[in-house]
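Working notes, structure below.
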């Protein structure tokens, strides 16, 4: 997720009057002196060669916790000011208007990167602006080069974050849940899928949306497939979004094994229980209904256990099964599912009973897997 600095920005200046150099001046709430950063590169074509002055036209609501976190990020930015990398900087970012979500609007967007560590944004239609005359003209080829550099910077940052990502299921690994290759494989795919959502938001209105998404997500298979079809003279539309799935971020052999695992009785039962939790907890939460923290923790714990169950069943489908590791993990999962079944705090009584019966069936299936792989 990017760091959105917009709530604490009062006004600023984007100066790209010198080719291949951007000077960014930011006036921040409660700071006497502006922050000044210089980056290599150019703005997008609409403001390349110009000096843009922008100023907030509304008053952002204050939040102590949020603001404190943003000021910490500013401290990091000041330490790393020599390694900032230009992203898309434009007044023509096309996105949904927050005041009228059914309407698409042009808005200010300032994107830059702290090396490969973090993505920063100042974005919205809550700013007025004025422009100077252009001191130089950005050609179409110049903008294409800058766009490619910006996309490469976003890709490098995402790849770095994906390598560092450790999903919540990792917290359950330990002596009674020894880690395995499939934990890392599924964790990586989960990280990519999460990144794909942010990438789709950014390139929502891009004329070659699918191509931009695949490039930034470093999806070589999609890029190679399109290149091969273009070489054959086939017309390809890149305007529609790609419906990214977990198996898009697995190797073909891994995806085939995962689909086999998902078709096993244990994971079919787990999917039914997940649907029950989604209806009772996740859907109301997504629609804005206040939800107790204990209920959210319950749903997350169940999701984590299913993730570990999937990794464990994948182990059983390998040519060589590490029996001790698999049985240790399965017995731990049986115990944890049984313990979780005693809680089910947010489910109505009939749903609670249904969850307990389903969990009992799941534990029986887990025991049968253990029995099937134990040497006779």
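Throughout, read-outs are computed from the coordinates displayed, never taken from laboratory work. It should be emphasised that the depicted structure is a prediction, and the values quoted were computed from it without experimental measurement. As a convention, Cβ positions derive from the backbone with ideal geometry for all residues, glycine included, and neighbour counts pool all protein chains shown.
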### Alpha-carbon centroids, region 298-355 and region 4-27: separation in whole Å
50 Å
### Message
At R0 = 25 Å, how high is the FRET efficiency between residue 65 and residue 36 if r is their beta carbon distance? Nearest 0.05 is fine.
### Response
0.35
### Task
Calculate the spin-label point distance for residue 184 paired with residue 321, positioning each point 7 Å from the Cα along the beta-carbon direction, and give it in nanometres.
2.4 nm
#### Entry: Additional length obtainable on full extension of the chain from residue 136 to residue 289, 0.36 nm per residue less Cα span
49.8 nm
### Query
Between region 60-82 and region 257-289, what is the C-alpha centre distance in whole Å?
37 Å
## Note on the structure
Note on the chain: contact order normalised by length, alpha-carbon pairs under 8 Å, 6 or more apart, percent, works out to 12 percent
### Summary
To the nearest 10 degrees, the tilt of helix 181-202 (Cα long axis) against the first principal axis of the alpha carbons of the chain is 40 degrees
### Message
If you take every DSSP beta bridge fully contained in the chain, what fraction is antiparallel? Give it as a percent rounded to 5.
### Response
95 percent
## Note on the structure
Residue-normalised 222 nm signal for the chain, counting each DSSP H run of n ≥ 4 as -39,500 (n - 2.57), nearest 500 deg cm²/dmol, is -16000 deg cm²/dmol
#### Entry: 302, 238, 203 arranged by Cβ crowding within 10 Å, fewest neighbours leading
238, 203, 302
### Query
For the Cα atoms of the chain, what angle does the longest principal axis make with the long axis of helix 252-262, in degrees from 0 to 90, nearest 10?
50 degrees
### Query
Suppose R0 equals 35 Å; then what is the FRET efficiency for residue 20 and residue 230 from their Cβ-Cβ distance, rounded to the nearest 0.05?
0.65
### Query
With r defined as the distance between the Cβ atoms of residue 271 and residue 166 and R0 fixed at 25 Å, what FRET efficiency is calculated, to the nearest 0.05?
0.55
### Query
Mean separation of Cα pairs under 8 Å and 6+ residues apart, divided by the residue count of region 3-144: what relative contact order is that in percent?
28 percent
### Query
With labels modelled as points extended 7 Å from the Cα through the Cβ direction, what inter-label distance (nm, one decimal) is found for residue 373 paired with residue 361?
2.3 nm
### Query
What is the spin-label model distance, in nm, from residue 205 to residue 238 if the labels are put 7 Å beyond Cα along the C-beta direction?
1.9 nm
### Query
Helix 64-79 sits at what angle to the longest principal axis of the chain, using alpha carbons and giving 0 to 90 degrees rounded to 10?
70 degrees
